[in-house]
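Worksheet: the structure to be examined is printed underneath.
Here, each number is a calculation from the coordinates, and none is a lab measurement. Note that the structure is a prediction, hence the values are computed from the model and not measured. A quick note on method: Cβ atoms are made from the backbone with ideal geometry, for glycine too, and the neighbour counts reach across all protein chains shown.
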Amino acid sequence: MNDLSNIINKTVSISIFNRGRAGQVFSDVKKRGSLVVLKNNEPECVLLSPKEYVSLMDELNDMRLELLATQRMHNTDLSATIPAEDVYKNLGIDLNDLECFDEVELD
C-alpha cells in the first residue's frame, strides 16, 4: 500500500498547468526530484529536477563505462599483456623514483 501512496504522491494532472500553477508544480519537482504528469489519467511525461537528471545521467554513464570495461576485459588476450615491471625497465623508471610522487586518484 505504501508503494501506491508513493506513486500517487508523485503524480500531477496536466490540467494544473492550464490553471496557471506551473510554478507550484516545478517547486514540487525541485523538492521531490520528479513528478509524473497525467493526461486523461495516463502518464504523459516525467518532470525531473536538474539534480535528479544529472544523477540519472551520471549513473547511466557509469553503467556504460562499466559495460565497456567488462567487454574489454573479456576480449583481452592476457598473454599479450606486458608486466608493469617490464614497462618500467624499458622506460628506465626505477620504482624508488615513483615513491616521491603523490598517489594518483582516478574518478
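See the values below:
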{"quantity": "Positions within segment 5-29 being surrounded by 15 or more Cβ atoms within 10 Å (Cβ to Cβ) and of a type in the set (D, E, K, R), in sequence order", "calculated": "Lys10, Asp28"}
{"quantity": "Hits in segment 38-64 - residues which are outside any strand (DSSP E or B) and either under 25 Å from Ile14 (Cα atoms) or over 9 Å from the mean Cα position of the chain (by Cα) (or both)", "calculated": "Asn40, Asn41, Ser49, Pro50, Lys51, Glu52, Tyr53, Val54, Leu56, Arg64"}
